[in-house]
């Protein structure tokens, strides 16, 4: 009789609740990476996640730790409130681009500027997913959405906002990296980055943010594979991957 | 500690410290700035949290986070600032988290002015936030009563897992009175905050979630019904008011709270000298509103005068509570104009001109 060996298990960082995301969406992969990082660093039972408003509104049901659900855009403020009274816990937000880069940009910038020792997982898919595919501040030039049906007119609505680049100028930021999960090579880089962000928080280094360039096949009107290709071909040139700030490299503790 | 002479806003801050506040998050706005200024010095010096936020919106969401994490937490602001906090207040009430919100009213609408006003009665009792939620709102008239209320508010908020607002106007915030900070607070049994999001290490086998989302309409309606049951219990247990000068049957009854009640006290004395016996219902809790007090108004009373530093907001609750039994008149000043007692005397003497149709 052949011996059975376990090669792969679902991370204990996620609950058994079925994910609410659309087929082909990369939220599921990002959730898994966050859950794995919390388990790998042995901080799951100290973690408090802050869910935002958008597709990931139910993330408080998926991360296998304590959680709070924030009003639209306010996750970084809510996380600040938690972290200041529980400085030894691990506090993270999980936000989309509508939530973080539009309605919640003030909360995000000021949390970064205070050097809040929190980790922000910023999932950027260049569109409002939950509400049905409206233009986001991150939508690409010419990108067709339900509120920019002839393609985003950047003269009228501005250009895609670059959060990682902006926040990297802020002193209180310890670590910012933009990653993607569209193929195994990038997936492994993203995994490393998310883990590193939480490691920095554990070491109380300051504000960390991982921007994950992501897909929204349903609202982009593409098959999942085509969405991955579009992400690689169209989004990454606008949102270049890489480390935008890493205080840790110069300030080894 | 013996009685000390203290400015209202600083007394708010010290009362909060005496009430065991762990954290304050707020944004500057006149006329309440002495509250955060005092707390910035004294909370940080004692290892507690004081944080000036980037906006009132952010401040109330910091309060939400800290309340969810089990801390005794507060914010303070004034009229336009409270307007900005309304979203967060609705979420906190919906997530059933305890906190204290101090509102030091100024004249409105819009940016309005910075002089005292009671134009935010609607804002406090009807809320600007969405949904069927309810705060507990106290509107004290002296610095002593405000201090006692603030100290107790943290317990009340914890007990019911509901936000409490203490509503005063800029006059109470800016004036000085002698005050005793060590009056004992009513003892309440406060259960452990075993619901707080402190990490599962502190409560193995159970995830704690602070949340206001309920996507299933059946469940959301059930939640709203349960919240209403809580609000009924609060009304039963926490309604507060004072009946002034009801020993002999009053000819007229004034309804006034906060600063306006103080002015009316003087007017009542002046009217007594003129042989007109006037009583006053002074709501201390304006939410829940003390409608049972209106049953004490003598049948033959000539009328009820609702007096406010507004164009008529509490008037709605007075009309509802009166339920058509007596004639109701209204006296109001607004924009930061504070009347002399003589104006109230005149309003009673010429009550027929004041009657609300």
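Restricting to region B:162-202, what's the tally of residues that are surrounded by fewer than 17 Cβ atoms within 10 Å (Cβ to Cβ), free of Cβ contacts under 8 Å to residues at least 40 places away in the same chain and either in contact with a strand residue (DSSP E or B) (Cβ under 7 Å, 6 or more places away or on another chain) or in a loop (DSSP other than H, G, I, E, B) (or both)?
Of the residues in region B:162-202, 10 are surrounded by fewer than 17 Cβ atoms within 10 Å (Cβ to Cβ), free of Cβ contacts under 8 Å to residues at least 40 places away in the same chain and either in contact with a strand residue (DSSP E or B) (Cβ under 7 Å, 6 or more places away or on another chain) or in a loop (DSSP other than H, G, I, E, B) (or both).
Applying the selection to region A:118-150, what residues are within 14 Å of chain B (Cβ to nearest Cβ) and either out of contact with any strand residue (DSSP E or B) (no Cβ under 7 Å at 6 or more places or on another chain) or under 13 Å from residue A:55 (Cα atoms) (or both)?
A:130
Hey, does region A:36-43 have a residue that's touching a residue at least 12 places away in the same chain (Cβ under 8 Å) and within 7 Å of chain B (Cβ to nearest Cβ)?
no
With respect to the numbered conditions (1) more than 11 Å from chain A (Cβ to nearest Cβ); (2) closer than 17 Å to residue B:12 by Cβ; (3) touching a helix residue (DSSP H, G or I) at 6+ places or on another chain (Cβ under 7 Å); (4) surrounded by fewer than 24 Cβ atoms within 10 Å (Cβ to Cβ), which one is the sole condition not fulfilled by residue B:41?
(3)
Residue-by-condition table, conditions (1) under 22 Å from residue A:36 (Cβ atoms); (2) more than 7 Å from chain B (Cβ to nearest Cβ); (3) surrounded by fewer than 24 Cβ atoms within 10 Å (Cβ to Cβ):
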site	(1), (2), (3)
A:66	yes, no, no
A:70	no, no, no
A:75	yes, yes, no
A:95	yes, yes, no
A:98	no, yes, no
A:106	no, no, yes
A:111	no, yes, no
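Could we say that residue A:7 is under 20 Å from residue A:196 (Cα atoms) and either within 14 Å of chain B (Cβ to nearest Cβ) or loosely packed, with under 12 Cβ neighbours inside 10 Å (or both) here?
In short, no.
Given (1) crowded, with 22+ Cβ neighbours inside 10 Å; (2) within 11 Å of another protein chain (Cβ to nearest Cβ); (3) touching a strand residue (DSSP E or B) at 6+ places or on another chain (Cβ under 6 Å), identify the lone condition not met by residue A:46.
(1)
FYI, it's all coordinate maths here, none of it is from the lab. On a predicted model such as this, the values are computed, not experimentally measured, just so you know. Cβ: placed from backbone, ideal geometry, glycine included. Neighbour counts: every protein chain shown.
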